[in-house]
Amino acid sequence: NAGVTQTPKFQVLKTGQSMTLQCAQDMNHNSMYWYRQDPGMGLRLIYYSASEGTTDKGEVPNGYNVSRLNKREFSLRLESAAPSQTSVYFCASSALAGGYNEQFFGPGTRLTVL
Amino acid sequence: SQKIEQNSEALNIQEGKTATLTCNYTNYSPAYLQWYRQDPGRGPVFLLLIRENEKEKRKERLKVTFDTTLKQSLFHITASQPADSATYLCALLRMDSNYQLIWGAGTKLIIKP
């Protein structure tokens, strides 16, 4: 039981390049989330998927797209990376959406955009 | 807008003492408040959840209180150990969303032997 896995662990991009961050969970959770974490700031929600087949914008969606490929997988795409997107990205999942449900986090992807 | 404030300065505590971390929030009375632990280079790990009608919640050496009048939650670790050293995050549900959490920036706790 791996929980939430993310790939890659580290990535360096040049401005304008694109990439997809992959996330998978094996806990049969309905809801999945993408966050970014920057120094001195709280986690900020980029996009979330309350259930399979739905996705919604979070607090900071600009410059990102997501795909809920199936119940297990939720990917985050940067179409044209910018230095402001340098951050640590975390994927999380929960059994159901909502503040009553604890979230399980992956190990993170450390992204640097030059 | 909603805000969560946690002490940005690291908290240094002697081993064996009780560590108390604070989470203050504004402009909202959340139904739930969650606490997480984050170690360097790792994702957050859930610790405790407390509901607005619960004044206190305990789990082993951990205790969380929730004062909706003061708009504050306190997180206590009793008999602290060096292994408790980490950053502790609080999170609450956004008032305009059923699903989105707002997160504090966290407080770094250092337990000295």
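The values are calculated or read from the model by the stated rules, or taken from the named source; none is laboratory data. Being a predicted model, the structure only gives us computed values, none of them experimental. Note that we place each Cβ from the backbone using ideal geometry, even for glycine, and neighbour counts take in every protein chain shown. For accessibility, only protein heavy atoms count, side chains too; no ligands or nucleic acids. Shrake-Rupley method; radii C 1.70, N 1.55, O 1.52, S 1.80 Å.
Miscellaneous remarks
- Among A:58, A:42, A:16: highest mean-square fluctuation, GNM of chain A, C-alpha pairs under 10 Å: A:42
- Charged side chains reduced to their Cβ positions (Lys and Arg at +1, Asp and Glu at -1) give segment A:18-114 a dipole of some 120 debye around its Cα centre.
- For segment A:97-104, putting each phi into the Karplus relation 6.51 cos²θ - 1.76 cosθ + 1.60 with θ = phi - 60° gives couplings of 6, x, x, 7, 9, 5, 9, 10 Hz, in residue order, rounded to whole numbers and with x for Gly and Pro.
- Counting only other chain Cβ atoms within 10 Å of each residue's Cβ, the peptide A:92-105 averages 5.
- Candidates per GluC sites (Glu not before Pro) in segment B:3-98, loop by DSSP, up to 10 other Cβ within 10 Å: B:9, B:60
- Cysteines without a disulfide-compatible partner [the protein assembly as shown; Cβ-Cβ under 4.7 Å]: none
- Accessible surface of residue B:35 - all protein chains present, 1.4 Å probe, nearest 10 Å²: 0 Å²
- Summarising the amide proton neighbourhood of residue B:100: residues at separation of 5 or more, or on other chains, whose placed amide H is nearer than 5 Å comprise B:94.
- Solvent exposure of residue B:59, expressed as accessible area, is near 90 Å², computed with a probe of 1.4 Å over the protein chains only.
- When nucleic acids and ligands are ignored and a 1.4 Å probe is applied, residue B:69 ends up with an accessible area of around 120 Å².
- Dipole in debye (nearest 20) - segment B:47-96, about Cα centre, beta carbon charges: Lys, Arg +1; Asp, Glu -1: 100 debye
- Signed unit charges on C-beta, dipole axis of the protein assembly as shown, positive-most listed residue A:30, A:41, A:108: A:108
- Most mobile listed residue (A:80, A:67, A:49) in chain A, GNM with C-alpha springs under 10 Å: A:80
- About its Cα centre, the dipole of the protein assembly as shown is roughly 260 debye, where the only charges are +1 on Lys and Arg Cβ and -1 on Asp and Glu Cβ.
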